[in-house]
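**Q** After the structure tokens below, expect a handful of questions from me.
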Amino acid sequence: MSTKGKVKGIIANLVIVKADGPVSQNEICFIQLGGTGLMAEVIKVIGEDAYVQVFESTRNLKIDDEVSFTGHMLEVTLGPGILSKNYDGLQNDLDKMKGVFLKRGEYTSALDDDKEWDFKPLAKPGDKVTAGDWLGEVDENGMPHKIMVPFAYTGSYQVKSVAGEGKYKIKNTVAVLIDTDNKDVEVSMVQKWPVKVPIRAFKEKPRPYKLLETGVRTIDTLNPIVEGGTGFIPGPFGCGKTVLQHAISKQAEADIVIVAACGERANEVVEIFTEFPELEDVRTGKKLMERTTIIANTSNMPVAAREASVYTAMTLGEYYRSMGLKVLMLADSTSRWAQALREMSNRLEELPGPDAFPMDLPAIISNFYSRAGYVILNNGETGSITFIGTVSPAGGNLKEPVTESTKKAARCFYALAQPRADSKRYPAVDPIDSYSKYLEYPEFSEYIEKTISDKWIDQVNKAKTILQRGKETYEQINILGDDGVPVDYHVTFWKSEVIDFIILQQDAFDKIDQSTPVERQEYMLESLLDLCNTDFKFESFTEVDNYFKRIINQYKQMNYSEFKSEKFNNFEKELQSIIEERRVA
Amino acid sequence: METRAFQKIYTKLTQITKATCSLNATGVGYDELAMVNGRLAQVVKIIGNTVTLQVFGGTEGIPTNAEVTFLGKAPTLKVSDDLAGRFFNAYGEPIDGGPAVEGEEREIGGPSVNPVRRKQPSELIATGIAGIDLNNTLVSGQKIPFFADPDQPFNQVMAMVALRAKTDKIILGGMGLTNDDYLFYKNVFDNAGALDRIISFVNTTENPPVERLLVPDMALTAAEYFAVDKNQSVLVLLTDMTLYADALSIVSNRMDQIPSKDSMPGSLYSDLAKIYEKAVQFPAGGSITIIAVTTLSGGDITHAIPDNTGYITEGQLFLRRDTDIGKVIVDPFRSLSRLKQLVIGKKTREDHPQVMNAAVRLFADAANAKTKLENGFDLTDYDERSLNFAKDYSNKLLAIDVNIDIDEMLNTGWNLFNKHFKPEEVGIKKELADKYWPKE
Ligand SMILES: Nc1ncnc2c1ncn2[C@@H]1O[C@H](COP(=O)(O)OP(=O)(O)OP(=O)(O)O)[C@@H](O)[C@H]1O
Ligand SMILES: [Mg+2]
């Protein structure tokens, strides 16, 4: 007999339910309101009272309305067909919903029961298997989607039979396993998993070290992220967090991209809906949408579901990682998730931590980030979830709980600076404050030496030093005046400006400039460092500005041209002749 | 508002605060309306038998034996074409002396649009103001506030924008409007002969502040009627959202909620987002565009109200007095329209994005030169030229009294570049400079 209950109190979307039997923390229940059930999650229990957060508006709910508990936590449905779907935070398929407006209590199935998939067996009778092991695979938008031993299966099993090649629906049995009690267990292509529990079906989680190319120069060149790495992008509103994340989602060399639009603008999601089915993934020639799943729980959608949305996204990521795929997960904005936690914590009248956020916010955030990572599966294959979240600090002040907690959890820090955004130096990533801890990993250096060059890290550090020196020199010039400093100071400053304009700044809306392959980044960095190592002759500082502006202009034209095209080469030739004008031999 | 005949009347309040009161009652629905001694109230909390009501008109003079009746419904508005040309208070009751509007009764604060049913906004809204059209182009379905200190002429600019924008309906949601500003809007709309496409929901400073909480939802319910049922393009003006947020904080503080930054409720972001996200382009052609006003105190945009607003809206228009030219301009640094990408260079001339960016960059150079000057340093020739450019740019493009079409704005931009700079100093893509740089 499942537990029932009755509504005892209502404060916005927090409802107190008097339960007539056992309930567990995070259990899902449905509150009956005029024929529809409103989904809710238990977040606190005191005696017989279960405090539940309702994933919907509670308008018209009354005392004594009936509640039924489901006996399970918030789960996602895992199986082929997740890619290209647009889900809400609870994995309802938004496209299946009727009408223009969302209806309260309308829940739609995440997968398509009737679609047939081309199945190929991978395991054979007699194989010993455990949770997460591959039994077969289907082709999902060109991606090998593994059908695995369900994650919830504990202990080991023996394969009794696996279906032969052919077309199957997700609920068809594709394998039969024998458990330790010699009982047959049928496995279909679909399974469920609670979102707040990490999927741990892998052998080990070593430190990540492989560069994950994003095409964004300020990331790849200066502060690279790795496959299975974590990073975050804090910044005041309007500084370019979303544009940067969208750029990464379009260009990164990932197999699967999961975008969690968490409490942000609906129009930004619409942009993805509109563009991704049209844009091509240059690596596969397929449409971007084919490798993407969107979790859209925008700011006007229920707050509690917003909290769930990032977990839903992460769980889908873990599912694909277990197939040996490279998953990129993006969440915009993790601050909205933290605010959802805060709203609930305040309604529960919990003792507030800094800025009224829950006391355990740092733990919640680091727990979440720890679900990303690079893993070696039981069969020796590897998979990864690279996670990049945005943070929207109140008042743009980075000394606030969400930013500070995230800084402890994430390894790459891409700080967006208001002054850079104000002067349209996009992406506004601050080159001095930002960092990538991966640059310090010896595994990473080794990998880069093999894949790019043994000079690369050294060159990157040189570029950083030039930027740093440029900044210091600029401050000096500002204090002492243009003619209060040697002409050299101006040259130093302008050399750093060239790096700023040509590497850091990147036009996210220009077809060519928006994405730069690493090969091209290497070429440009080399060229720029050569320029910085060149001595120039100037009579006065006024000549310096104009001269370097010409150089920047020339490099910019190169950035806007197809790599090594005739146009590109011509601009480069012109650039060389400009350099020769003042070069000291 | 009428009450139902068989309604139970309660007469014993157990608690009264500045904005709320509580009583014991049964069978009450969450969000339901009630009358407390003739004042409209709404259920904000139910614990067992104890119901807490937020009294929109404030609780001044409410006795413990006040008569309370429940209306069995959330706040509603009757919608029909007859709304056009009418002025209402925060409850949707006429204040223009006309008859009550008949029509379908709809709950305000209704559900959100399914994001997959939205269309990407793509219609440019031209205002003639270059600080907007050139640098911060508006698009139908967008939501964007003016950020302005209280002494800036934001109501004037907003009225001008509303009248120049080619929309089917303009809906004014006035919150804490002074009576003078209310009459200003009324006159401007009247003089423009536009009254028949205007609907107003107004809470003035003379009305209780908590009533304001109903205004945006009233205005947006009317907007949804015209945009969804009639496929019209609707422009909603919300002024002043800072006063709306202040009213929110009054209520939440009275309910003993733990305030977050600047004494604002922790839910401020979600509360504001629910309103602003009603801006939408519908698939059938209708649209809701929201232009709001968020007044600042001393230009501080880090205060919780503008800060949360900035995180929700699709940009902001920052008004400031430019002392160099003695006019109010749309500040190009702090203003932003995030949807402009969807139209500039696509619905407008190809050189639009680059002209816009180049001009702002040069304006930034002028700002640096100005700092140098203030610090007593000598200016270079380039500094001098950028300062001169800045003055021209402010006067001819940024000032809010500019009224020209977008091609003319772009031509003006190129002329100013040519007047003050060499092409390489402007740094525009060569193809464009070749095509548009004025030939001597
Ligand atoms: N790389 C870029 N190139 C050109 N323009 C950019 C770039 N990045 C950002 N912008 C401009 O900045 C605007 C704001 O960017 P974005 O929406 O990403 O900000 P945000 O940090 O996500 O803000 P919020 O916190 O409010 O969501 C964009 O609409 C665009 O005009
Ligand atoms: Mg954003």
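The values are calculated or read from the model by the stated rules, or taken from the named source; none is laboratory data. Remember, it's a predicted structure, so these values are computed and weren't measured experimentally. For neighbour counting, all protein chains shown are included, and Cβ atoms are generated from backbone atoms with ideal geometry for every residue, glycine included.
**Q** Looking only at segment A:126-169, how many residues end up being within 29 Å of A:Thr292 (Cβ to Cβ) and of a type in the set (Phe, Trp, Tyr)?
**A** 3
**Q** Then there is this: Looking only at residues that are within 16 Å of ligand 2 (Cβ to nearest atom) and not in a strand (DSSP E or B) in segment A:377-394, which one is nearest to A:Gly317 (Cα to Cα)? Full working, then the answer.
**A** Quick first cut of segment A:377-394, residues within 16 Å of ligand 2 (Cβ to nearest atom) only: A:388-394.
Now drop any that are not not in a strand (DSSP E or B), which leaves A:392-394.
Working: A:Ser392: 23, A:Pro393: 26, A:Ala394: 29 Å.
Per the criteria, the residue is A:Ser392.
**Q** Which ones in segment B:381-426 are outside any helix (DSSP H, G or I) and under 34 Å from the mean Cα position of the chain (by Cα)?
**A** Just the residues of segment B:381-426 that are outside any helix (DSSP H, G or I), to begin with: B:399-405, B:421-422.
Listed by number, the residues that qualify are B:Ala399, B:Ile400, B:Asp401, B:Val402, B:Asn403, B:Ile404, B:Asp405.
**Q** Right, another one. Quick one: in segment A:283-306, of everything that is of a type in the set (D, E, K, R) and free of Cβ contacts under 8 Å to residues at least 60 places away in the same chain, which residue is surrounded by the most Cβ atoms within 10 Å (Cβ to Cβ)? Outline the logic, then answer.
**A** Going residue by residue through segment A:283-306, those that are of a type in the set (D, E, K, R) are A:283, A:286-287, A:290-291, A:306.
Filter once more, keeping what is free of Cβ contacts under 8 Å to residues at least 60 places away in the same chain: A:283, A:287.
Values: A:Arg283: 12, A:Lys287: 16.
Selected residue: A:Lys287.
**Q** Would a scan of segment B:90-111 turn up a residue that is within 29 Å of A:Phe276 (Cα to Cα) and assigned to a loop (DSSP other than H, G, I, E, B)? Break it down stepwise before answering.
**A** As a first pass, look at segment B:90-111 and keep what is within 29 Å of A:Phe276 (Cα to Cα): B:111.
Among the residues that remain, those that are also assigned to a loop (DSSP other than H, G, I, E, B) are: B:111.
Yes, because at least one residue in segment B:90-111 is within 29 Å of A:Phe276 (Cα to Cα) and assigned to a loop (DSSP other than H, G, I, E, B).
**Q** Can I ask one more? Does A:Thr315 fit the bill of being under 14 Å from the mean Cα position of the chain (by Cα) and either surrounded by 24 or more Cβ atoms within 10 Å (Cβ to Cβ) or more than 9 Å from chain B (Cβ to nearest Cβ) (or both)? Don't jump to the end; show me each part of the working.
**A** Numbers: under 14 Å from the mean Cα position of the chain (by Cα): yes; either surrounded by 24 or more Cβ atoms within 10 Å (Cβ to Cβ) or more than 9 Å from chain B (Cβ to nearest Cβ) (or both): yes.
Yes.
**Q** Okay, moving on. Go through the residues of segment A:530-553 one by one and say whether even a single one is within 32 Å of the chain's Cα centre (by Cα), part of a helix (DSSP H, G or I) and in the same structural domain as A:Thr473 (by TED's automatic domain parsing).
**A** Among the residues of segment A:530-553, not one is within 32 Å of the chain's Cα centre (by Cα), part of a helix (DSSP H, G or I) and in the same structural domain as A:Thr473 (by TED's automatic domain parsing), which makes the answer no.
**Q** May I pose another question? What number of residues in segment A:479-495 are assigned to a helix (DSSP H, G or I) and crowded, with 17+ Cβ neighbours inside 10 Å?
**A** Step one: of segment A:479-495, the residues assigned to a helix (DSSP H, G or I) are A:479-480, A:482-484, A:487-495.
Now restrict to residues that are crowded, with 17+ Cβ neighbours inside 10 Å: A:482, A:487, A:489-495.
Going through segment A:479-495 one residue at a time, the tally reaches 9.
**Q** Could I ask something else about it? Taking the residues in segment A:352-376 that are modelled with pLDDT of 95 or more and assigned to a strand (DSSP E or B) as candidates, determine which candidate is farthest from A:Gln339 (Cα to Cα).
**A** A:Ile376
**Q** Which of the residues belonging to segment B:10-24 are in a loop (DSSP other than H, G, I, E, B) and surrounded by fewer than 20 Cβ atoms within 10 Å (Cβ to Cβ)?
**A** To start, the set of residues in segment B:10-24 that are in a loop (DSSP other than H, G, I, E, B) comprises B:11-12, B:17-19.
Correct list: B:Thr11, B:Lys12, B:Thr17, B:Lys18.
**Q** Kindly provide the set of residues from segment A:117-151 that are of a type in the set (Gly, Ala, Ser) and in contact with a Ser or Thr (Cβ under 6 Å, 6 or more places away or on another chain), ordered by number. Please lay out each step first, then the result.
**A** We begin by selecting, within segment A:117-151, every residue of a type in the set (Gly, Ala, Ser); these are A:123, A:126, A:131-132, A:136, A:142.
Passing the criteria: only A:Gly132.
**Q** Separate question: Hey, B:Ala292 hits all of (1) at pLDDT below 95; (2) of a type in the set (Gly, Ala, Ser); (3) part of a strand (DSSP E or B) but one; which does it fall short on?
**A** (1)
**Q** Right, here's the next one. Return the total of residues in segment A:512-547 being within 14 Å of chain B (Cβ to nearest Cβ), among the aromatic types (Phe, Trp, Tyr) and in contact with a strand residue (DSSP E or B) (Cβ under 9 Å, 6 or more places away or on another chain).
**A** Residues that pass the stated criteria total 1.
**Q** Taking the options B:Leu53, B:Leu71, B:Leu40, B:Leu77, name whichever one is surrounded by fewer than 22 Cβ atoms within 10 Å (Cβ to Cβ) and either closer than 30 Å to B:Asn187 by Cβ or touching a Cys at 6+ places or on another chain (Cβ under 9 Å) (or both). I'd like the intermediate steps shown before the answer.
**A** Numbers: B:Leu53 fails: surrounded by fewer than 22 Cβ atoms within 10 Å (Cβ to Cβ); B:Leu71 fails: either closer than 30 Å to B:Asn187 by Cβ or touching a Cys at 6+ places or on another chain (Cβ under 9 Å) (or both); B:Leu77 fails: surrounded by fewer than 22 Cβ atoms within 10 Å (Cβ to Cβ).
Just a single option satisfies the conditions, and that option is B:Leu40.
**Q** Does any residue of segment B:376-386 turn out to be surrounded by fewer than 19 Cβ atoms within 10 Å (Cβ to Cβ) and touching a Gly at 6+ places or on another chain (Cβ under 9 Å)?
**A** Checked segment B:376-386: at least one residue is surrounded by fewer than 19 Cβ atoms within 10 Å (Cβ to Cβ) and touching a Gly at 6+ places or on another chain (Cβ under 9 Å).
**Q** Here's another thing I want to ask about it. Would you mind listing the strands (runs of 3 or more DSSP E) fully within segment A:180-277 where at least 1 residues are small (Gly, Ala, Ser) and either within 13 Å of ligand 2 (Cβ to nearest atom) or modelled with pLDDT under 95 (or both)?
**A** On the way: elements: A:184-188, A:191-194, A:230-234, A:256-262.
Once the strands (runs of 3 or more DSSP E) in segment A:180-277 are filtered for at least 1 residues that are small (Gly, Ala, Ser) and either within 13 Å of ligand 2 (Cβ to nearest atom) or modelled with pLDDT under 95 (or both), what remains is A:256-262.
**Q** Separate question: Check A:Glu350, A:Glu343 and return the single one that is surrounded by fewer than 24 Cβ atoms within 10 Å (Cβ to Cβ) and more than 16 Å from ligand 1 (Cβ to nearest atom).
**A** Working: A:Glu343 fails: surrounded by fewer than 24 Cβ atoms within 10 Å (Cβ to Cβ).
Just a single option satisfies the conditions, and that option is A:Glu350.
**Q** Here is a list of conditions, (1) under 28 Å from the mean Cα position of the chain (by Cα); (2) acidic (Asp, Glu); (3) closer than 30 Å to A:Ala305 by Cα, and A:Asp133 meets all of them except one; can you say which number that is?
**A** (3)
**Q** Run down A:Phe571, A:Phe509, A:Phe563 and say which single residue is modelled with pLDDT of 95 or more, over 23 Å from A:Lys462 (Cα atoms) and within 14 Å of chain B (Cβ to nearest Cβ). Give the derivation first.
**A** Values: A:Phe509 fails: modelled with pLDDT of 95 or more; A:Phe563 fails: within 14 Å of chain B (Cβ to nearest Cβ).
Going through A:Phe571, A:Phe509, A:Phe563 in turn, the sole match is A:Phe571.
**Q** Another one. Among (1) within 17 Å of the chain's Cα centre (by Cα); (2) among the hydroxyl-bearing types (Ser, Thr, Tyr); (3) part of a helix (DSSP H, G or I), there is one condition A:Ser345 misses while meeting the rest; what is its number?
**A** The one condition A:Ser345 does not meet is (1).
**Q** Of all residues in segment B:332-344, which are surrounded by fewer than 23 Cβ atoms within 10 Å (Cβ to Cβ), over 19 Å from B:Ser140 (Cβ atoms) and touching a residue at least 60 places away in the same chain (Cβ under 8 Å)?
**A** B:Arg334
**Q** Residues that are touching a residue at least 60 places away in the same chain (Cβ under 8 Å) and within 14 Å of another protein chain (Cβ to nearest Cβ): does segment A:76-85 have at least one? Outline the logic, then answer.
**A** First pass over segment A:76-85, keeping only residues touching a residue at least 60 places away in the same chain (Cβ under 8 Å): A:76-85.
Among the residues that remain, those that are also within 14 Å of another protein chain (Cβ to nearest Cβ) are: A:84-85.
Yes, some residue in segment A:76-85 is touching a residue at least 60 places away in the same chain (Cβ under 8 Å) and within 14 Å of another protein chain (Cβ to nearest Cβ).
**Q** Ok, one more. Give segment B:264-275 a look and list any residue that's in contact (Cβ under 8 Å) with a residue 40 or more places away in the chain, part of a helix (DSSP H, G or I) and more than 8 Å from every other protein chain (Cβ to nearest Cβ), or say none. Talk me through it step by step, then tell me what you get.
**A** Initial filter on segment B:264-275 (in contact (Cβ under 8 Å) with a residue 40 or more places away in the chain): B:264, B:268-269, B:272, B:274-275.
If we keep only those that are part of a helix (DSSP H, G or I) too, we end up with B:268-269, B:272, B:274-275.
Hits for segment B:264-275 are B:Leu268, B:Leu272, B:Ile275.
**Q** Every residue in segment B:423-440 that is under 29 Å from B:Lys327 (Cβ atoms) and exposed (fewer than 14 other Cβ atoms within 10 Å of the Cβ), please.
**A** B:Pro438
**Q** Determine whether segment A:320-331 contains at least one residue that is within 16 Å of ligand 1 (Cβ to nearest atom) and either part of a strand (DSSP E or B) or within 14 Å of chain B (Cβ to nearest Cβ) (or both). Show your work before the answer.
**A** Taking segment A:320-331 and keeping what is within 16 Å of ligand 1 (Cβ to nearest atom), we get A:330-331.
Still in the list and also either part of a strand (DSSP E or B) or within 14 Å of chain B (Cβ to nearest Cβ) (or both): A:330-331.
There is at least one residue in segment A:320-331 that is within 16 Å of ligand 1 (Cβ to nearest atom) and either part of a strand (DSSP E or B) or within 14 Å of chain B (Cβ to nearest Cβ) (or both).
**Q** Continuing with the same structure: Within segment A:283-339, take every residue that is within 17 Å of A:Ile388 (Cα to Cα) and polar (S, T, N, Q) and give me the one that is farthest from ligand 2 (Cβ to nearest atom).
**A** Taking the candidates together, the pick is A:Thr315.
**Q** For a quick check of your reading: which strands (runs of 3 or more DSSP E) sit entirely within segment A:10-115 and have at least 1 residues that are farther than 25 Å from A:Trp337 by Cα? Spell out the reasoning first.
**A** Values: elements: A:14-19, A:27-33, A:36-46, A:49-54, A:66-73, A:75-78.
Here the list reads A:14-19, A:27-33, A:36-46, A:49-54, A:66-73.
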